[in-house]
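Here is the structure we will look at, set down as structure tokens.
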Amino acid sequence: MTMTDYDDESYDATARIVDPGGADDERHFEAALRPRRLADFAGQPRVRDQLGLVLEAARRRDAPPDHVLLSGPPGLGKTSLAMIIAAELEQPIRITSGPAIQHAGDLAAILSSLAEGEVLFLDEIHRMARPAEEMLYLAMEDFRVDVVVGKGPGATAIPLELPPFTVVGATTRAGLLPAPLRDRFGFTGHLDYYAPEDLARIVARSATLLEVETTRQGIEEIAGRSRGTPRIANRLLRRVRDYAQVHAEGIVDHQASRAALELFDVDERGLDRLDRGVLDALCRRFGGGPVGLTTLAVAVGEEPDTVETVAEPYLVREGYLIRTPRGRAASPMAWEHLGLTPPVASQGYAQLPLGEGEGRFQT
């Protein structure tokens, strides 16, 4: 079975779910790393149990389930869950993204071609154009769209009935979704970062699919440096596999994992080159801060959006970086991680102004 592309930039991904066969090559292995069934999905136990209940009830009613909204940081499995939903329902899945739908006509073309029970996966749904969002409201609630024919006073709206279908929306920024759109999802699941033991199970499963010989210590080393994110864990596994094939007789053990991850600039806490560059600039060049985002981005040679969306979330979550109204500041953990001694004024959270007239942090 081959993957079918459509003129509206969506595509049918049924082949990924129903028939994962094909050539024994790297792309096949990468696609095979995605779990196919809900029972194979490691981690996120609450979302997994809730979603399992929704799907089982829909199967017993022999009807499409409620629309599903999945939110959370990148790489945690939103796309995998969307494909699992289609596989559990034994229905095809159509995949497109918010940025690809910039006009209501783009969405109308996709909706009018859906079959009964089909799953429509909208990645980055918060980036859809407003006219398309308004059309999606009606389609999700009443399973119809109004196609406008003509312009000006002579324009006519022709209602087009749609077969029942399920929308699965994924977003990394749920707060940007308009309330009317968010309210039309019957089930909302938020994915959190994974615990190390869950990541270890994911790495072990991926290693089996990639036919890589591993040890428990090697798997745990990779999982511990994966920032709680399965996508990163699988990427690191492939790089460690490459290193092991060249330098360690193909065995991913503790020594090979450590050596490979050091080669690829991933340290014991999962910080990469950009993360350490941000902390180094804060501590060595700006005395721990606070310093503005734009100035910090120039210091590390990256765009402000890259620093804010790629590096900051993990650094803030792990307690290395502090965001204040006056800019970014390094925490004591950041100084310690870099092996530096903070100046007296930067020891602890004291001296970090909250804003004019709002007082200061106290030690």
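Mean sequence separation of contacting Cα pairs (under 8 Å, at least six apart), scaled by the length of the range 273-346, corresponds to a relative contact order of 36 percent.
What's the extension gain from Glu308 to Asp192 if we count 0.36 nm per residue and subtract their Cα-Cα distance?
On the way: separation 116, 0.36 × 116 = 41.76 nm, distance 1.91 nm.
Contour length minus Cα-Cα distance gives 39.9 nm.
If R0 is 22 Å, what FRET efficiency do you get for Leu293 and Arg273 from their C-beta distance, rounded to 0.05? Once the sixth-power term is evaluated, E becomes 0.70. On full extension, the segment bounded by Val246 and Arg144 gains 31.0 nm, given 0.36 nm per residue less the C-alpha separation. Pairwise inverse Cα distances across the range 273-346, averaged and inverted, put the Kirkwood hydrodynamic radius at 11.8 Å. Counted over the range 196-263 with a bin width of 5 Å, the fraction of Cα pairs per bin, in whole percents, is 4, 22, 37, 26, 10, 1. Gain on full extension, evaluated as 0.36 nm per residue between Ala115 and Gln102 minus their Cα-Cα distance, stands at 2.4 nm. With a Förster radius of 51 Å applied to the beta-carbon distance between Glu90 and Asp265, the computed FRET efficiency rounds to 0.70.
Read-outs throughout are calculated quantities, based only on the coordinates presented, and are distinct from any laboratory measurement. None of these values were measured; they are calculated from a predicted model. With ideal geometry, Cβ positions are generated from the backbone for all residues, glycine too; neighbour counts draw on all protein chains shown.
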